[in-house]
Structure formats: structure tokens, C-alpha cells
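**Q** One structure, as C-alpha cells, below. Some questions next.
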Amino acid sequence: MMHDWIIVLTHSPLFSVSLTLITYVIALAIAKRANFNPLANPVVIAVAMIVGILHLSQLSYANYFSGAQFIHFLLGPATVAMAIPLAKQVQHLRRLLLPLMFSLVLGSVTSIVSAFGITVLLHGSRELAISMGPKSATTPIAMAIAEKLGGIPSVSAVVVITTGIIGAMIGRFVFNRIGVGGAEVRGFALGVAAHGVGTARAFQISSTMGSYAGLGMGLNGILTAILTPLMVPLMLRLWFP
């Protein structure tokens, strides 16, 4: 009887939503206790907790995600809401527009070529190389691109999330190492390279950094959707004749 009750509870949408919110609140508390050290990333902690709970409860990811659709839906409005703090930086943004656009194009092209090229050099398959190309775009964009070009959307999703987590965790150390300063520059770079997870990390540091990260994430998503279908077929002909 108790087992049946647990099954009903875990398959309820309320369980998925509650699990997502509670684990993130706990993960955020842990990150605050660690003074928001990049290695104590709340997204990584929350994901690890959810994976463990799903494994113990034997609840499939498909059922969990189906119940958490409401939170997934809120990603759209949350992304649009990033325009609010960015609007406060309009005057400053105009001055930085040209270098930011140059950095955007350079970062997007470098991401696509390096991900594809490294996969080929490590003897990855054609499908894997295609799936790696859009790794710095947000998950929905990367999955759509991979599917259209003949890649594996699920692989793209995993690579995108992993890229974001790694970028959020080591971004500060890399910036310090190469001498990159300024909230605007750091934020934009995080958004371009580490999309949503990097943007969330940037907002933890300051609203200015988060605003520029949101701008970088949005613009890189658009540019990746344009460049990848143009560049990947050319690279396929070069490496997979």
C-alpha cells in the first residue's frame, strides 16, 4: 500500500515541480555558504541531487520532465526578462557595441570550428562532429540544429549543458589568468561561451555582468543558428569527403 502511494506521488506533476524547486533552494544555500565559489555551482549541485533522487525513486527522466513542464515553460519569460537590467545599460552598450559584435562573431566561429575539429581529430564519427558544432548555443537551438544537419540532438543537449557548467565553474579562473577585467567583458564572454548556466553565474556576481551575459547568450544563439548550417557542410566536405 505504501509502495503504491509512493508511485502515485512520484508520478504527480507536483512532485517534479517541488523536487526542482526544493533541490535548487538547497543548492543555492550551499553555494551561499561557500561564498558563491565557482566550484560550488548551484546548478551542478541541484542536478546531482535530482539525479540521485530519480535513481532512488526509480522515476524515469521522461516522467520527471513531463511533470516539470511548467518550470521549463518559464525559461522563455525569464530569458526575455533579462532585457530589463540590460535596458539600464543602453548608454554604455552603445560605446561597446562594435567590440562586442566583433567578439561575438569571433567567439561563435571559434566555438563551432574548434568543437567540430577536435571531434574529428579524436576520430569521432560524422554524426558526433555535427552534434558538437552548436555546443555554445542554448539547448533548444543546439538540438534543432543537430537534428536538421543529421546529428544526434540528445548528444547536443548533453554537450551544451556540460559546456555551460564548465564555463560557469572555471570562467573566473580563466579571466583572472589571462587578465580580462570589467563586468561587461566578462559577462558577455560568459554568455557567448556558456549560455544559460554562465548567465546565471554572471547574475550571481552582479546585475551588470548578468545583463551582458544575457545579451551574449541571446546573440550567440541567433548567430550559431545562422552560421552552423553554413559552416558544418563545408567542414564535412573537408574532413568527410
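Rule-based calculations on the coordinates, nothing more; no lab input. These figures come from a predicted structure and were not determined experimentally.
**Q** Take the chain, connect every pair of alpha-carbon atoms lying under 10 Å apart with a spring to form a Gaussian network, then pick out the residue of A193, A81, A202 with the largest mean-square fluctuation.
**A** A81
**Q** Something else now. Relative contact order of the stretch 80-239: what whole-number percent is it, with Cα pairs under 8 angstrom and at least 6 residues apart? Before the final figure, lay out each step's value.
**A** Details: 240 pairs, mean separation 39.3, N = 160.
Relative contact order here is 25 percent.
**Q** Just for the Cα atoms in the stretch 136-186, what are the lengths along the principal axes, largest first, rounded to whole Å?
**A** 40, 17, 14
**Q** Separation of the stretch 186-236 and the stretch 110-180 by C-alpha centroid, Å?
**A** 12 Å
**Q** With springs connecting C-alpha atoms under 10 Å apart, model the chain as a Gaussian network and identify which of G191, G167, G150 has the largest mean-square fluctuation.
**A** G150
**Q** With N set to the number of residues, divide the alpha-carbon radius of gyration of the stretch 111-241 by 2.2 N^0.38 Å and report two decimals. Don't jump to the answer; show the numbers that get you there.
**A** Values: Rg = 14.8 Å, N = 131, 2.2 N^0.38 = 14.0 Å.
Rg over 2.2 N^0.38 Å, computed on Cα atoms: 1.06.
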